[in-house]
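Heads up: the structure comes next, in structure tokens.
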Amino acid sequence: MEINIIRTEEQYEQACSRIYELMHLEDDALDRNPALGEELDLLAILVEKYEQDHYSLGPPDPIEAIKFHMEQNGLKQKDIAPLFGGKTRVSEVLNRKRPLSMKMIILLNRYLGIPMESLTHGNSEVYLSKEDMEVVMEHPAIRDYVRRNPVSGKYRDQKVKE
């Protein structure tokens, strides 16, 4: 099979079909023919790139990430309550009545291995007041970072001062 960059859905489907064929060969077929192994590796890379460009979902909702991790590891709310500060608090967070605190995020990451990106994504409730933002932006390193990495040129609907 000739290997090219995947640009269309049809090419994507063909590549996925070929990957399926290669993965279901006899156990030693890839050992006997290294070219097939290379083909599989290249197709996997191209398919992954195509999927990232066309089907990227981004990080999950933080609460859904916690619930998924609980389900995958057979955890109940009482099992993770110490990370939240008690049974009531874990219930409030999982029912979206209380936001995750930074301490909860750090503990969930450290002890359950939930990625920080999953725990912090989409938390639009966290922002600075105008006064606090002005204090934080006085620090040159923070100001420079925000200038280099703007959120649509604004920080919580406020322009970053030059």
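Starting from residues that are assigned to a helix (DSSP H, G or I) and not hydrophobic (A, V, I, L, M, F, W, C), keep the ones in segment 5-19 and report whichever is nearest to D41 (Cα to Cα).
R18
Let's see how each residue does on (1) out of contact with any Pro (no Cβ under 9 Å at 6 or more places or on another chain); (2) surrounded by 12 or more Cβ atoms within 10 Å (Cβ to Cβ); (3) assigned to a helix (DSSP H, G or I):
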| residue | (1), (2), (3) |
| --- | --- |
| E38 | yes, yes, yes |
| L42 | yes, yes, yes |
| Q52 | yes, no, yes |
| A81 | yes, yes, yes |
| E117 | no, yes, yes |
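Residue by residue through segment 104-147, note down the ones that are charged (D, E, K, R), at pLDDT 75 or above and more than 23 Å from T88 (Cα to Cα).
Correct list: E117, K130, E131, E134, E138, R143, D144, R147.
Out of curiosity, is L75 out of contact with any Ser or Thr (no Cβ under 8 Å at 6 or more places or on another chain) and under 17 Å from N4 (Cα atoms)?
No, not satisfied.
Which of the residues belonging to segment 59-95 are closer than 16 Å to S118 by Cα and either at pLDDT below 90 or of a type in the set (V, I, T) (or both)?
Across segment 59-95, the qualifying residues are P59, P60, D61, I63, I66, V93.
The values are calculated or read from the model by the stated rules, or taken from the named source; none is laboratory data. Here the structure is a predicted model, which means the values were calculated and not measured. Counting neighbours? That spans all protein chains shown, and the Cβs are built from the backbone with ideal geometry, glycine included.
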